[in-house]
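The values are calculated or read from the model by the stated rules, or taken from the named source; none is laboratory data. Everything numeric here is computed off the predicted structure, so don't read it as measured data. These area figures cover heavy atoms from the full protein model, side chains too; ligands, DNA and RNA do not enter into them. Shrake-Rupley method; radii C 1.70, N 1.55, O 1.52, S 1.80 Å.
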Amino acid sequence: QVQLVESGGGLVQPGGSLRLSCAASGRTFRSYATAWFRQAPGKERKFVAAVNWSGGNTYYADSVKGRFAISRDNAKNTVYLQMDSLKPEDTAVYYCAVLRTGPVGSNWQQYDYWGQGTQVTVSS
């Protein structure tokens, strides 16, 4: 069992930055790929970024490439999402999720464990 807790969300102006953190319980966390998804009100949950177990491979949605960066520190059982050049359309609840088996993908239904989410609002 893996428990995930996101933090770091908030209100930021367009063009600003935020860093989200996903802290996990359990040593097995470092064996799993981890992803960030986001969900805006009335919309489906969408893939944002993912990182494999070692941190050596990363994956991004086209909408965030060049602006967001995912990383992990397995010694701290934490995955990060650095978000720069934020836009109003980035406004959503951001969730981290763990994939126990299978290739990393963008389908949220593949993922086994989820955090409670953290709100990110980009507005002037």
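Springs between Cα atoms under 10 Å define the GNM used for the chain, and in it the highest mean-square fluctuation of Arg27, Arg38, Arg19 occurs at Arg27.
Kirkwood radius and radius of gyration were both taken over the C-alpha atoms of the chain, and their ratio Rg/Rh is 0.94. Atom-type composition of the exposed protein surface of the chain places 46 percent of the accessible area on carbon and sulfur (1.4 angstrom probe). When the chain is treated as a Gaussian network with alpha carbon springs shorter than 10 Å, the biggest mean-square fluctuation among Ala35, Ala50, Ala92 belongs to Ala92. Bridging of Lys46 to lysines at a Cα separation below 19 Å is possible for Lys65, Lys87, once same-chain residues fewer than 8 apart are set aside. Amide H contacts under 5 Å for Tyr113: Val98, restricted to partners 5 or more places along the chain or on a different chain, H placed in the peptide plane at 1.01 Å from N. In order along segment 76-91, phi translates into HN-Hα couplings of 9, 6, 9, 10, 10, 10, 8, 10, 10, 6, 5, 10, x, 6, 7, 4 Hz, rounded to whole numbers, per the Karplus curve 6.51 cos²θ - 1.76 cosθ + 1.60 with θ = phi - 60° and x for Gly and Pro. Residues in the chain average 51 Å² of solvent-accessible surface per residue, probe 1.4 Å, ligands and nucleic acids excluded.
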